[in-house]
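First the structure, in the form of structure tokens, and then the observations on it.
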Ligand code: ADP
Ligand code: MG
């Protein structure tokens, strides 16, 4: 039986309209229009320097665009700070910004859950919580889900790179975001770690959480994405379902034009 995943009409959760950003003489983003539908997995791909990370930074309020607007769930995000973003239900997996290296995995996840609930990091509150407190139980369950259930009391900085990424994911997921942003979640991972991460992301996708993923590994992109936007030199050169993108001559040209895939 074949049921097209795109058959049901979905509503846009995120819209980027006419986004432009220059760094001095360099047009990093030029008139970017992008719509992410609720419940979808949307990949942004393109050669190095295409503007992918800049676009994500605009989205979370780290970079102010010269032109254009970002609309999340019908609400313009102008002037929003990265802190407001979490409260709105947008979480991001970046390098390692939210890991407290000296804390245990459980403490790391629990403090994110507390921050989401109370709007601030509350180490004092965390110390007062017993193992059976719902926040702690939920945090332990989330670590279990990402495959770190056996390492709850290990110190975060001792983890392997792949496990740190999984911890970041647990930190993001415990905040129950409506939109999860992943910037190269498998970067630097072995093939084995990449595969387990992809399996985990596929499982999370079944829960209907909207995801935007920037990824250089084409195997990962074509496994996960329902829609792909291709950037090159700050412009959208293609946008559509994976089967359209795969055979698109413009995309092949952009990747063959000397830039790294
Ligand atoms: P990608 O993530 O697709 O590799 P980036 O968004 O990081 O690309 O960068 C797009 C372009 O903008 C690149 O040419 C990069 O050198 C430039 N760039 C990115 N951030 C800055 C910055 N803060 N200042 C100046 N140039 C930047
Ligand atoms: Mg980048």
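The values are calculated or read from the model by the stated rules, or taken from the named source; none is laboratory data. Predicted model, so just to flag it, every value in this text is computed and none were measured. Counting neighbours? That spans all protein chains shown, and the Cβs are built from the backbone with ideal geometry, glycine included.
Kindly indicate whether any position in the range 177-188 is surrounded by fewer than 16 Cβ atoms within 10 Å (Cβ to Cβ) and farther than 22 Å from residue 113 by Cα.
Checking the range 177-188: at least one residue is surrounded by fewer than 16 Cβ atoms within 10 Å (Cβ to Cβ) and farther than 22 Å from residue 113 by Cα.
Can you name the number of the only condition in (1) within 27 Å of residue 90 (Cβ to Cβ); (2) surrounded by fewer than 19 Cβ atoms within 10 Å (Cβ to Cβ) that residue 165 fails?
Going through the list (1) within 27 Å of residue 90 (Cβ to Cβ); (2) surrounded by fewer than 19 Cβ atoms within 10 Å (Cβ to Cβ), residue 165 breaks only (2).
Which one of these is in contact with a strand residue (DSSP E or B) (Cβ under 9 Å, 6 or more places away or on another chain) and at pLDDT 90 or above: 167, 181, 159, 148?
Every option except 181 fails the conditions.
Can you find a residue in the range 186-197 that is under 15 Å from the mean Cα position of the chain (by Cα), part of a strand (DSSP E or B) and in contact (Cβ under 8 Å) with a residue 24 or more places away in the chain?
No: the range 186-197 contains no residue that is under 15 Å from the mean Cα position of the chain (by Cα), part of a strand (DSSP E or B) and in contact (Cβ under 8 Å) with a residue 24 or more places away in the chain.
Quick one: in the range 210-243, which of the residues that are free of Cβ contacts under 8 Å to residues at least 60 places away in the same chain and buried (at least 18 other Cβ atoms within 10 Å of the Cβ) is nearest to ligand 2 (Cβ to nearest atom)?
Within the range 210-243, the match that is nearest to ligand 2 (Cβ to nearest atom) is 217.
Which residue is surrounded by the most Cβ atoms within 10 Å (Cβ to Cβ), if the candidates are limited to the range 43-60 and must be more than 6 Å from ligand 1 (Cβ to nearest atom) and more than 18 Å from residue 77 (Cβ to Cβ)?
Among them, the one singled out is 45.
Kindly evaluate residue 167 against the criterion of being closer than 13 Å to residue 103 by Cβ, in a helix (DSSP H, G or I) and in contact (Cβ under 8 Å) with a residue 12 or more places away in the chain.
Yes; evaluated as a whole, the condition is true for this residue.
Could you please let me know if residue 197 is over 22 Å from residue 111 (Cβ atoms), in the same structural domain as residue 20 (by TED's automatic domain parsing), out of contact with any strand residue (DSSP E or B) (no Cβ under 9 Å at 6 or more places or on another chain) and crowded, with 20+ Cβ neighbours inside 10 Å?
When the stated conditions are applied, residue 197 passes them.
Hey, can you tell me all the residues within the range 19-40 that are free of Cβ contacts under 8 Å to residues at least 24 places away in the same chain, surrounded by 15 or more Cβ atoms within 10 Å (Cβ to Cβ) and either within 16 Å of ligand 2 (Cβ to nearest atom) or not in a strand (DSSP E or B) (or both)?
none
Can you give me the ranges of the strands (runs of 3 or more DSSP E) entirely in the range 41-142 with at least 2 residues that are over 23 Å from residue 164 (Cα atoms)?
41-45, 67-72
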